[in-house]
Amino acid sequence: MKISIFGLGYVGAVSLACLSRDGHQVIGVDIDRTKLDLIASGKTPVVEEGMVDLMAQVAASGRVTVTTDAQQAVRDSEISLVCVGTPSAPNGSQDQGAILRLAAELGQAIKTKAEPHVVVFRSTLVPGTVEDVLRPIVEAESGKKDGVGFFLCFQPEFLREGSSIRDYDKPPFTVVGANHDYPAARLQALFGHLPCKFLKTSVRSAEMMKYCCNNFHALKITFANETARLCEALGVDPFEVMDLVCQDTQLNISRAYLKPGFAFGGSCLPKDLRATSYLAKVHDVEVPMLSAILPSNRQHLDLALHKIMATGKRRIAFVGLSFKTGTDDLRESPLVTLAEQLIGKGCQLSIYDPEVHLAKLLGANKSFIERHLPHIGQMLRPTMEEVVDGADVVVLGINSAEVIDAVARRCTAGQTVLDLVKLTDRSPWQAAVQGLAW
Ligand SMILES: NC(=O)c1ccc[n+]([C@@H]2O[C@H](COP(=O)([O-])OP(=O)(O)OC[C@H]3O[C@@H](n4cnc5c(N)ncnc54)[C@H](O)[C@@H]3O)[C@@H](O)[C@H]2O)c1
């Protein structure tokens, strides 16, 4: 394929070297003449393992040319990969100066090109940038429409400095955000041979997932480092601890707990997080990330409260009360806290949970609910129908297909349902279903 690459920093230079190594004709474009001269003479503009030899090899192959002329690069290629920098502005926002200028240049180049050109943004871009910011610029400058006269798409880059050639050849996956099949097919032709999944998605999801990946990596590092600080203070070996933690591939290093939902609760997570924060305080160890988890969880609960209050309705039915479907454990259930808050705001509550029977509650579970919802006896009903009928808002906090089916059939068009479990299918519902954060 004939490819132009805009921006020859770490991402662009490594892509140029690897794509030309794989037999493609590559035109490198940068505003920095020094980088272009280095590449033209077979030298690497970035310090990266393997790049010295690879650049010498690909320059000798004759498949690499360089230019500062965007028009020429677009004219002489079928696809452009955009890898210019998107650094932080002083206020923390993304400085899009380089990519905005380049979008205008690409638009002008596309204006004079007969064949539909494919532009693949590979720079990390805040969600919405391609569709709401860059597309209007390219359309205005070219006088053509995305999907007709040219194709824009977004493909996040996952290589890491220091191992970038190896990462190029073995990425975790290829993700392509595209609104049309043609650019995705061109990228499949370029990257489909790599030993990983090729995933096509929406442009916005592709933009957002890149941030999620980096945030998750930062979160993991900070988790290990906060754990190490606390371990040191306690005389525990942090490497041994984290190694053991990583050996659980069922709950720890897995998809478990990574699906959005309602706030967490129960008899373990909140109390153990509190104890961890306290332990850190006693030992003068700062663990700001771990200490921020419970406040963040509280924000999630407050969001549910806000959504219910925003309906303006005050007759509320709870379907589900325990902290998890299938148990009667009410200790630190976020639904109990939510109920408490709603009662405090003057709402009229009725509650149904197939697992919760007052007479059967014992010990710590019983004393918790007596402390937090002392009048639970008057609110708890033995059947779902008794709570749903006569309620304005139904808070769905139980993830049982059988119960969900029955509630869906019982709810009527005038009712609002706050979905805390992420319903898979809203079509059987006549009621107005609102998700918590979806
Ligand atoms: N560095 C990484 O490991 C990495 C990994 C994944 C994603 N990313 C993302 O990829 C993007 C590029 O990162 P980088 O580290 O390679 O950046 P970089 O700063 O090393 O290089 C950017 C290059 O773009 C050039 N440039 C600026 N304006 C230009 C224009 N109008 N035309 C042509 N070239 C222009 C600059 O001269 C520079 O050489 C960023 O959005 C970054 O967030 C980087």
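Quick check: is even one residue across region 414-423 more than 30 Å from the chain's Cα centre (by Cα), part of a helix (DSSP H, G or I) and surrounded by 13 or more Cβ atoms within 10 Å (Cβ to Cβ)?
No, every residue in region 414-423 fails to be more than 30 Å from the chain's Cα centre (by Cα), part of a helix (DSSP H, G or I) and surrounded by 13 or more Cβ atoms within 10 Å (Cβ to Cβ).
Could you please let me know if P136 is away from the ligand (no atom under 14 Å from the Cβ) and either over 21 Å from I31 (Cβ atoms) or surrounded by 17 or more Cβ atoms within 10 Å (Cβ to Cβ) (or both)? It is true that P136 is away from the ligand (no atom under 14 Å from the Cβ) and either over 21 Å from I31 (Cβ atoms) or surrounded by 17 or more Cβ atoms within 10 Å (Cβ to Cβ) (or both). For H357, the conditions (1) surrounded by fewer than 17 Cβ atoms within 10 Å (Cβ to Cβ); (2) in contact with a helix residue (DSSP H, G or I) (Cβ under 7 Å, 6 or more places away or on another chain); (3) of a type outside the set (D, E, K, R) all hold with the exception of (2).
Evaluated against (1) among the small types (G, A, S); (2) open to solvent by 40 Å² or more (accessible area, probe 1.4 Å); (3) out of contact with any Gly (no Cβ under 7 Å at 6 or more places or on another chain), A60 falls short on exactly one condition, (3). Of the residues that make up region 146-168, is at least one modelled with pLDDT of 95 or more, touching a strand residue (DSSP E or B) at 6+ places or on another chain (Cβ under 6 Å) and over 22 Å from V29 (Cα atoms)? Checked region 146-168: at least one residue is modelled with pLDDT of 95 or more, touching a strand residue (DSSP E or B) at 6+ places or on another chain (Cβ under 6 Å) and over 22 Å from V29 (Cα atoms). Looking only at region 45-76, residues that are among the polar types (S, T, N, Q) and over 27 Å from A109 (Cβ atoms) come to 1 in all.
The condition (being within 17 Å of V11 (Cβ to Cβ), among the small types (G, A, S) and within 23 Å of the chain's Cα centre (by Cα)) is satisfied by just one residue among S123, S93: S123. Checking P382 against (1) crowded, with 18+ Cβ neighbours inside 10 Å; (2) outside any strand (DSSP E or B); (3) of a type outside the set (S, T, N, Q), which test does it fail? All conditions are met except number (1). Among the residues of region 114-129, which ones are part of a loop (DSSP other than H, G, I, E, B) and within 12 Å of the ligand (Cβ to nearest atom)? Scanning region 114-129 gives R122, S123, T124, L125, V126. Can V26 be described as aliphatic (A, V, I, L, M), assigned by TED's automatic domain parsing to the domain that holds Q155 and open to solvent by less than 40 Å² (accessible area, probe 1.4 Å)? Here the answer is yes, as V26 does meet what is asked. Among helices (runs of 4 or more DSSP H) entirely within region 154-252, having at least 1 residues that are outside the structural domain of P87 (by TED's automatic domain parsing), away from the ligand (no atom under 16 Å from the Cβ) and surrounded by fewer than 16 Cβ atoms within 10 Å (Cβ to Cβ) singles out 203-234, 238-247.
Of the numbered conditions (1) open to solvent by 70 Å² or more (accessible area, probe 1.4 Å); (2) under 33 Å from the mean Cα position of the chain (by Cα); (3) of a type outside the set (K, R), E370 satisfies every one except a single condition; which is it? Answer for E370: the failing condition is (2). Residues that are at pLDDT 95 or above and among the acidic types (D, E): does region 296-310 have at least one? For region 296-310, residues at pLDDT 95 or above and among the acidic types (D, E): present.
The values are calculated or read from the model by the stated rules, or taken from the named source; none is laboratory data. The model shown is predicted, which means the values in this text are computed figures rather than measured ones. Using ideal geometry, Cβ is built from the backbone for each residue, glycine included, and neighbour counts are taken over all protein chains shown. Ligands, DNA and RNA are excluded from the accessible area calculation, which covers all protein heavy atoms including side chains. Shrake-Rupley method; radii C 1.70, N 1.55, O 1.52, S 1.80 Å.
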